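**Student:** Before I ask anything, here is the structure I am working with.
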Amino acid sequence: MDKSSENPEEDRVSLQSDGKMQANGVVKEALGVLQTFRRSIRRPAEKSPRSPNRKESKVTSRAESESPSSLPPASPSLSAGSPAASPLKTRGGFFQKKEEDLTDMTQHKRKPLARSKTDPNMSKLTDSILKKGSSIRRSLRFPSKKENDKVARQEPPAAEALPEMGEEKETDMEEMEELYTLPEIPHTPLSVMQINKLIEMEVLEEAHLNLLAMRLEFLKEQQQTGDDSPMELAKKEKDLALLYTDLRKKICTIVCDSNSFPARNKALLVHVARIIQEEEKRAEEPGGLPDSWMEAWREAVSQGVQVKVNGVHLEKKEQNSSWLAVHLGLLGKTIVEDLENVKRELRWSYPPSFKVFSTYVKSYHRIVGQHLRKLEPQVTELKDLYALLDWILNKYKSEKIMGSFSLQPDMAEESADLHLQEGFLKQLLEKYCCKVKEDMSALLDRVIELEHETVWKDKTEPQREDNLLLSLFPMDIWTAVQGKVDHSGKLDPDLVKKVIVSCLQELKSFPRKFETQFKCHCGALQPQPLWTDYHITYINSFQALQEHMAAYQDSCPQEVEGFKREIKGLIVRLMEVLEEQFKEDVKPFLRRMMTRKWLTNDDDFKQLDGHIQRLSHHCESMRPPHVEEFASRLHYHVVKEYVGQLMKNNYSCRNRKHEKAAAKINEQWNKLSDLFDDMKSSHEWLHHVGHDLSTIIGQNNKADIKDHLQPLVEHYPDFSKKHLVAVLYFRGLQRGREHHLILQKLTALRKELPTNTQLRRKCR
């Protein structure tokens, strides 16, 4: 056995004695290195770049007579001018340079190959050996298992040279050149089983070169034989197709995993890129796969991106209410980290034409869009739907993800928009509006429930604000609506109007729902003062809600007007209920006005006065303009009923009782006028009627009555002959000449005065 193989200590780069190397010792040591290397490259299973102690396999060719060399370079072929030339191009000069290399070896101290990462001379030696090794790696036969085991024990230093080269490339970050020179294709390819084994072991360069040799052999046989032996050609064509399919599957697996294990696959990707380039050039030649290798590569990139996206943690809704927001945050982080890795690591293993960064960005656009489409059915709550839309429309393009500073300047030339299924975004926006309506409906139902739980159930006194009775729900509703409007504006300006419409459509039915529940829970309180306070509270509250919603008049005038009509209808009904209750309360007292009892007893008027005062106190808690409207309507009712008792001819003052009656009317009228003034009634024109009538009734001389008709006719042009007859009856003047003259005077005055349509309308 060769001495170098017996003594591993001789398989070193150099031997040194007193700082110098003897000549024959140098030759012997060099030959030992080459023999050891020859054994190491006989192991195809360890040639894979994924193996830390990988060795190159052999391919039978004319190179069998040539000298052995070192390990092959990292890529299958490099362009002209590259630092590491093609091994086939250096074959002829191997023995010419061997002595120079051996002479250089004497300058080094005795150290194992590639153990030191700091000695520059050692790196030169490693590079020299690597340049020459590729030419002989195909000239050797597959060794036996026994030889493999022996060589594996002797050769760890040589195998460690490749990671050192990888570190140098990672530090330099030099872009892989576009042009390259294909290594020499062996004349005789390996067997199908051997090529398949190379593919399995990821010795892609050797496998591809042998596939090309097998492909050329197939073409040559096809041209020579024609149709004479179709069975043999068909078998070889089938073998080619199967091997190419396996090679593509292996390449796709490597590419798919490359973004998960960038350092591990870095050297393999160089081979992958050159194989794809070569196959794209030979796409029109028979024997290969029909579809594009570049498309297969892009699909593999997409599969790797899909694995990344699918690996992002996704909690169940039941476990975390913020499940979607958390998932989207992690997804954004994963995208940025992966693209940073592509920018920093992966793209240097490909030529520029692959546009690696752009391909990964586009894959993320598409895969993430599909991922979000699958998530959409699980999004059933408004907050989650907002999180999804915000992530799509804002965060994905922001500096948090695609606009990240760490992805610049590469990202500046790329689109930052997701590739969503057609109509998907529109579907999400429509779903958002529907969820806004559902959420608004639930909110309004909850408002009614809270009002019952906090107010109606325990008969709680309503709250006051600036001495006005007011509930809290108008502000709650407005805050909720405005919040939805603000959020929609952050998503899409066109979405704002749709959200406002959705909110107002739900609000439109709210007044009647509220009224129904209020009557159901508080109807038994009527006519207690608390019942009145509740009505005034909700008159004020719904008026406040209407004023809040008026802010959306410009954007949604039709919906706002519809909501206003509903609010107005509710307020009118609430006020009518209060008015009817007041009328019912004072009805028995007003009915006894202008009677004998009234003339001698003030109890009924005091009761009337008390009811008006209590109502006046309630009205102090009512907001304008409803307080003026409410007080005016009640003012008119009281005056009408009070004076109406005169017109019923229930009592006639005799024996000079008309003077007492006139004085009492005048006194009571002053009190009523003051009360309704305090209530902010706008019907000042009603103040005259009591005084004008008391003046007529109080005249002692019947003849003087006709002289006091003019003010009454001027104030109330609708005052008719029928009205005057009733007043004269109460005065005690029922017939006679003076009675007739008074009526004639009224007729004359009505003819002389112009018709005052406005006063007629008021009087009615």
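The values are calculated or read from the model by the stated rules, or taken from the named source; none is laboratory data. Quick caveat: nothing in here was measured; it's all calculated off a predicted structure. No Cβ is skipped: glycine too gets one built from the backbone with ideal geometry, and neighbour counts run over all protein chains shown. Surface areas here come from the heavy atoms of the whole protein model, side chains and all, with no ligands, DNA or RNA. Shrake-Rupley method; radii C 1.70, N 1.55, O 1.52, S 1.80 Å.
**Student:** Pull up region 559-590, narrow it to residues that are farther than 19 Å from PHE518 by Cα and charged (D, E, K, R), then point me to the one that is surrounded by the most Cβ atoms within 10 Å (Cβ to Cβ).
**Tutor:** Among them, the one singled out is GLU559.
**Student:** Please state which one of GLU299, GLU284 is outside any helix (DSSP H, G or I), closer than 30 Å to PRO352 by Cβ and either polar (S, T, N, Q) or open to solvent by 20 Å² or more (accessible area, probe 1.4 Å) (or both).
**Tutor:** GLU284
**Student:** Every residue in region 498-519 that is more than 24 Å from the chain's Cα centre (by Cα) and of a type in the set (D, E, K, R), please.
**Tutor:** Listed by number, the residues that qualify are LYS508, ARG512, LYS513, GLU515, LYS519.
**Student:** A follow-up question, please. Out of LYS745, LYS706, LYS721, LYS660, I need the residue that is of a type in the set (Lys, Arg) and within 21 Å of ARG596 (Cβ to Cβ). Which one?
**Tutor:** LYS660
**Student:** Among the residues of region 449-461, is any crowded, with 19+ Cβ neighbours inside 10 Å, among the acidic types (Asp, Glu) and either more than 30 Å from CYS619 (Cα to Cα) or out of contact with any Cys (no Cβ under 9 Å at 6 or more places or on another chain) (or both)?
**Tutor:** Scanning region 449-461 turns up at least one residue that is crowded, with 19+ Cβ neighbours inside 10 Å, among the acidic types (Asp, Glu) and either more than 30 Å from CYS619 (Cα to Cα) or out of contact with any Cys (no Cβ under 9 Å at 6 or more places or on another chain) (or both).
**Student:** On to the next question. Would a scan of region 240-247 turn up a residue that is touching a His at 6+ places or on another chain (Cβ under 6 Å), in a helix (DSSP H, G or I) and either surrounded by 16 or more Cβ atoms within 10 Å (Cβ to Cβ) or modelled with pLDDT of 90 or more (or both)?
**Tutor:** No, the conditions are met nowhere in region 240-247.
**Student:** Scanning for something more than 18 Å from GLU576 (Cβ to Cβ) and not aliphatic (A, V, I, L, M), does region 530-544 turn up at least one residue?
**Tutor:** No, region 530-544 has no match at all.
**Student:** Go through LYS583, LYS497, LYS490 for me and flag whichever is part of a helix (DSSP H, G or I) and not assigned by the TED database to the domain that holds LEU468.
**Tutor:** LYS583
**Student:** Go through region 634-676 and report how many residues are of a type in the set (Lys, Arg) and without any contact (Cβ under 8 Å) to a residue 60 or more places away in the chain.
**Tutor:** Number satisfying all stated conditions: 2.
**Student:** Going through region 685-705 one residue at a time, which ones are part of a loop (DSSP other than H, G, I, E, B) and either open to solvent by 60 Å² or more (accessible area, probe 1.4 Å) or in contact with an Asp or Glu (Cβ under 6 Å, 6 or more places away or on another chain) (or both)?
**Tutor:** GLY698, ASN700, ASN701
A quick yes/no check of all residues on (1) modelled with pLDDT of 90 or more; (2) open to solvent by less than 40 Å² (accessible area, probe 1.4 Å); (3) not in a helix (DSSP H, G or I):
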residue: ASP707; (1), (2), (3): no, no, no
residue: PHE730; (1), (2), (3): no, yes, no
residue: ARG735; (1), (2), (3): no, no, yes
residue: GLN744; (1), (2), (3): no, no, no
residue: ARG750; (1), (2), (3): no, no, no
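**Student:** A further question on this structure: Which of the residues that make up region 607-626 are part of a helix (DSSP H, G or I) and open to solvent by 10 Å² or more (accessible area, probe 1.4 Å)?
**Tutor:** Across region 607-626, the qualifying residues are GLN607, ASP609, GLY610, HIS611, GLN613, ARG614, LEU615, SER616, HIS617, HIS618, HIS626.
**Student:** In addition: Looking at the structure I just gave you, is LEU472 free of Cβ contacts under 8 Å to residues at least 24 places away in the same chain and open to solvent by 40 Å² or more (accessible area, probe 1.4 Å)?
**Tutor:** Yes; evaluated as a whole, the condition is true for this residue.
**Student:** Scan region 161-169 and give yes if some residue there is at pLDDT below 90, small (Gly, Ala, Ser) and in a helix (DSSP H, G or I), otherwise no.
**Tutor:** Yes, some residue in region 161-169 is at pLDDT below 90, small (Gly, Ala, Ser) and in a helix (DSSP H, G or I).
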